[in-house]
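A.B. asks: Okay, handing you the structure first.
The values are calculated or read from the model by the stated rules, or taken from the named source; none is laboratory data. Computed from a predicted model, the values in this text were never measured in an experiment. Here the Cβ is made from the backbone with ideal geometry for all residues, glycine too, and neighbour counts use every protein chain on show. What goes into the accessible areas is simple: the full protein's heavy atoms, side chains included, and nothing from ligands, DNA or RNA. Shrake-Rupley method; radii C 1.70, N 1.55, O 1.52, S 1.80 Å.
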Amino acid sequence: MVGVCAVSHLMLLATVSIDNLEVCTPGVSPTSIFHPAGPAATHLNDVIWLVVGVTAAIGVVVLTLLGVAIVKGRRPAGLSPGAEPTQVFGSNQVELAWTVVPTVIVFLLTLVTVRVIRDVDLTEMPDGALRVQVIGHQWWWEYRYPELGIVTANELVVPVGRKIWLELESADVSHSWWVPRLAGKRDVIPNYQTNTWFQADATGTYLGQCAEYCGTAHAGMLLRVDAIDAAAFEAWSTAQRSTAADPSSAVAMRGRAVFESLACASCHTVSGVSDGLFGPDLSHVASRATLGSGAIDFSEDNVRRWIDNPQAIKPGCNMPSLGLTPDELTAVVAYLMGLR
Amino acid sequence: MTSLPATPHRLGERRPWTAVVHEWATTVDHKRLGIMYVVTGMIFLVVAGLEGSAMRAQLTFAENKLISPEVFNQLFTMHGTTMVFLMGMPVLLGMANFLVPLQIGARDMAFPRLNAFGFWLFLLGSILLYFSYLGAPGLDGAAAAPDVGWFAYAPLTERPFSRGNSTDYWILGIMVGGFGSMTTAINLIATTLCMRCPGMTLMRMPLLTWMMLVVAILILTAIPVLTAAQVMLLFDRSLGAHFFDTQNGGDAVFWQHLFWFFGHPEVYILILPGFGFISEVIPVFSRKVIFGYPLMVAATVAIMFISLGVWAHHMFVVGLGPFLNSLFAATTFLVSIPTGIKVFNWLATLWGGHIRFTASMMFALGFLAMFVLGGLTGIMLAVVPFDWQLSDTYFVVGHFHYVLIGGLLNAIFAGLFFWFPKATGRLLSETLGKWSFWLLQIGFTLTFGPMHISGILGMPRRIAYYEPDRGWEIWNQISSFGVIFQILAVALFAWNVITSLRSGRRAGNDPWDAWTLEWATTSPPPEHNFDTIPVVGSRRPLWDSKHPEDPDSSYGA
């Protein structure tokens, strides 16, 4: 037993060197599982290469045997019509061999698997980790930082080099949180709290999307993690904690009045103004890079297009077109653009 | 019974069409029911194939607007549901219906009228499911067809998230068809256990019959669990129960357990009959007895037991905890041992044979190659950390299409080319068959191979559109391109069937020089199958009669 454990450990070590081979060069895909950017994804990648190697070897052996059997098995020319090959009914030794060898391989793979599960599948928050609550909605993500008093949406901002502990919950149906370069996926299930963790080793933007079918706009439920350095994160969290900015111009003032008087306020929170919970918190919406859970980039034009007719940009989403007049639209856009 | 003709009508004989329809509609003959199952299933193959082709068209370009997300979500739901319940199950149960009584030397199934009842239930269920396109619309914003995925995860299926009636049609259609499958399973078990001809001991049954017996037991174990879950869901939706209604304390993971307790054995319900066809076709065209018959039987039974204990490998990303994840990884690895045994035994049967490359044999060899590849990606997915990355991605879609299309569909074509002459009295065209074979293999590979790569690059399943910056577009375009070859292959097969029925070469009783009992009677067989009930002394009764100097019985087989 000890020997077998040692072997499985060696197999794991052997794969670490293979892991450094860049099969998918960065830039080919921002979501490739073969380009991990943190320990949670790297652990998985190690074992993935081992398994790809073992299965590829099995595949080569079996398919070669098939090829040889086919080539050698061609019916010899000039055989009399009734001639049959030797009938072999079986062989206990041979059959025992191809029962035992796969059993050994399977046993080793099981040990390796259990090992990585033990390393990666944490059941409690690691020391020093930053706790973030993730709440899946049809079809956007809510992020809450309970220790920091921050509520935001769709873009998870984290400090680089620190473990992030995610507590996943759902407001409606099942979703799945998956940013391939940072960690494997974990389902988000109503009435359950599931957990996962990751750590980004370099600053940058990491992309992903919901990986459990969750209804009409499932394809538009994108994920985005921005890893920034500790100082920038400190500044960001201070800004996010502040109350939403007051309008700074007359038109923005009118925009806030429109926002409060129409249905906007019943779905969206703007701290100090409204406390709707169905849609994303907009207190600092202008600090984000995208709109509609990643559907479009955040810009004045796009905010206008989005509010005017969200269904044209993200079909099936729960935000209705309120039929604002061009004046009202201009005012609301001016107000939102000021919510930094 | 006396009013029915003693034999099926002869080809080319002219009678009023009403008489023909009446004869088929009222038949309790296992062979006719089998043919009706297979024909219905192949029609649904075309329907589901067109649904799949529409999805491929949409995914050819990033951010494509050809098909709306609402319609796309209905397409993948109907494609999956149709392929599993309306194509796979009926074709395989139909072939079991046709072949099992013939292979064991029986005159019919144990309960012929129950058999007919099962077929008509299946047809009713199928029609109910597709009737949703007409019957489900009405409420504003309600889906016209089921759009909850073939796995119908709660609580997406509950009233608050699935308005209208489309989910109810999905439940009822599958449930009614499920009762049909259960009656057929009972019938198959009774038939194989009680109706075998003299000398046909269990360990002399042809492997196809063995595998159909195991499949029937699996159906009886797995389908009732799905039916029970569907009844609970129906209670939730119609009577205000809260089994899976998470807004009132229901449990979404409970549905996943119930569904996959059915869903994983279902995979083996689909693939084991394929193993059965291969186990008949490879020996006959290698001209060798199957290698290691007892171990093949043991492996089949082992697969049956193991397949009932692996369901949570569909739920590795749910967060069941390290213990359960490790346990289900171990049981899943275990399945690869009996499956590997089968593959090696087929290879050993080929080894040193005199292979005849008929269309049927080529499909069987195609099955072997494709199934091995699909099996290996299956091992990868059993490695839980791998699964955390690749579960619910196109890698999984590629994996199971290698198993179920590259594997099972190849096996079905191998079986259809092999037994078509027995069912109709005429041979299919070998030339057209080989064209179909190569087109299909090229199509499979082009469509399903690149899906592994798009999955590795992070593309999830069931998305109606995708972002252009992900590097997925080229792989999706290759996938879509492959569809053309598959459509051609299936169209060519349909043409082959139509022309061969009219003018195919006469088959005679035993066109392949085969060894099991179905080849001892005429093609097509008379309604009573055998004029006198055969008596067998080994696993290959026709080998014994063709080689009286060297019968199998002298080797204890």
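A.B. asks: Just the residues that are surrounded by fewer than 19 Cβ atoms within 10 Å (Cβ to Cβ) and among the aliphatic types (A, V, I, L, M), please, taken from segment B:498-525.
C.D. replies: Across segment B:498-525, the qualifying residues are B:I498, B:L501.
A.B. asks: Within segment A:49-75, can you find the residues that are more than 7 Å from chain B (Cβ to nearest Cβ), open to solvent by 40 Å² or more (accessible area, probe 1.4 Å) and over 35 Å from the mean Cα position of the chain (by Cα)?
C.D. replies: Hits for segment A:49-75 are A:V61, A:T64, A:V68, A:V71, A:K72.
A.B. asks: Considering only segment B:119-137, I want to know if a residue exists there that is within 15 Å of the chain's Cα centre (by Cα), over 25 Å from B:I533 (Cβ atoms), in contact (Cβ under 8 Å) with a residue 40 or more places away in the chain and open to solvent by 10 Å² or more (accessible area, probe 1.4 Å).
C.D. replies: yes
A.B. asks: Of (1) facing another protein chain (nearest Cβ under 8 Å); (2) open to solvent by 20 Å² or more (accessible area, probe 1.4 Å); (3) not charged (D, E, K, R), B:L368 satisfies all except one. Which?
C.D. replies: With (1) facing another protein chain (nearest Cβ under 8 Å); (2) open to solvent by 20 Å² or more (accessible area, probe 1.4 Å); (3) not charged (D, E, K, R) applied to B:L368, the lone miss is (2).
A.B. asks: Only one of (1) part of a helix (DSSP H, G or I); (2) open to solvent by less than 30 Å² (accessible area, probe 1.4 Å) is not met by B:E70, so which one is it?
C.D. replies: Here B:E70 meets the rest and fails (2).
A.B. asks: Kindly provide the set of residues from segment B:352-367 that are part of a helix (DSSP H, G or I) and β-branched (V, I, T), ordered by number.
C.D. replies: none
A.B. asks: Mind listing just one residue for me: the one in segment A:26-48 that is open to solvent by 30 Å² or more (accessible area, probe 1.4 Å) and more than 10 Å from every other protein chain (Cβ to nearest Cβ) and, of those, farthest from the chain's Cα centre (by Cα)?
C.D. replies: Only one residue fits best here, namely A:P26.
A.B. asks: Does B:L226 meet the test of being within 16 Å of the chain's Cα centre (by Cα), within 18 Å of B:T184 (Cβ to Cβ) and of a type in the set (A, V, I, L, M)?
C.D. replies: Taking the combined requirement at face value, the residue does not satisfy it.
A.B. asks: Sort out which residues of segment B:511-534 are farther than 15 Å from B:R204 by Cβ and among the hydroxyl-bearing types (S, T, Y), and write them in order of number.
C.D. replies: Across segment B:511-534, the qualifying residues are B:T521, B:T522, B:S523, B:T532.
A.B. asks: Applying the selection to segment A:274-302, what residues are touching a residue at least 12 places away in the same chain (Cβ under 8 Å) and farther than 25 Å from A:V134 by Cβ?
C.D. replies: The answer is A:E300, and nothing else.
A.B. asks: For A:T243, all conditions in the list (1) assigned to a helix (DSSP H, G or I); (2) exposed (fewer than 12 other Cβ atoms within 10 Å of the Cβ) hold save one; what is the number of the exception?
C.D. replies: So A:T243 meets the others, but not (1).
A.B. asks: Let me ask something else about it. The conditions are (1) at pLDDT 95 or above; (2) open to solvent by 10 Å² or more (accessible area, probe 1.4 Å); (3) within 14 Å of chain A (Cβ to nearest Cβ), and B:P468 fails exactly one of them. Which is it?
C.D. replies: (1)
A.B. asks: Could I ask something else about it? Among the residues of segment B:508-533, count how many are outside any loop (DSSP other than H, G, I, E, B) and over 19 Å from B:M361 (Cβ atoms).
C.D. replies: Counting residues in segment B:508-533 that are outside any loop (DSSP other than H, G, I, E, B) and over 19 Å from B:M361 (Cβ atoms) gives 2.
A.B. asks: Report the residue count in segment A:147-167 for those that are assigned to a loop (DSSP other than H, G, I, E, B) and of a type in the set (S, T, N, Q).
C.D. replies: Count: 1.
A.B. asks: Restricting attention to segment A:120-143, does a residue exist that is under 30 Å from B:T339 (Cβ atoms) and open to solvent by 40 Å² or more (accessible area, probe 1.4 Å)?
C.D. replies: No, every residue in segment A:120-143 fails to be under 30 Å from B:T339 (Cβ atoms) and open to solvent by 40 Å² or more (accessible area, probe 1.4 Å).
A.B. asks: Also, I was wondering about something else. So A:W236 ticks every box in (1) open to solvent by less than 20 Å² (accessible area, probe 1.4 Å); (2) outside any loop (DSSP other than H, G, I, E, B) but one. Which box is left unticked?
C.D. replies: (1)
A.B. asks: Still on this structure: Out of the residues in segment A:195-227 meeting the condition of being crowded, with 23+ Cβ neighbours inside 10 Å and hydroxyl-bearing (S, T, Y), tell me which one is farthest from the other protein chains (Cβ to nearest Cβ).
C.D. replies: Checked segment A:195-227; the qualifying residue farthest from the other protein chains (Cβ to nearest Cβ) is A:Y206.
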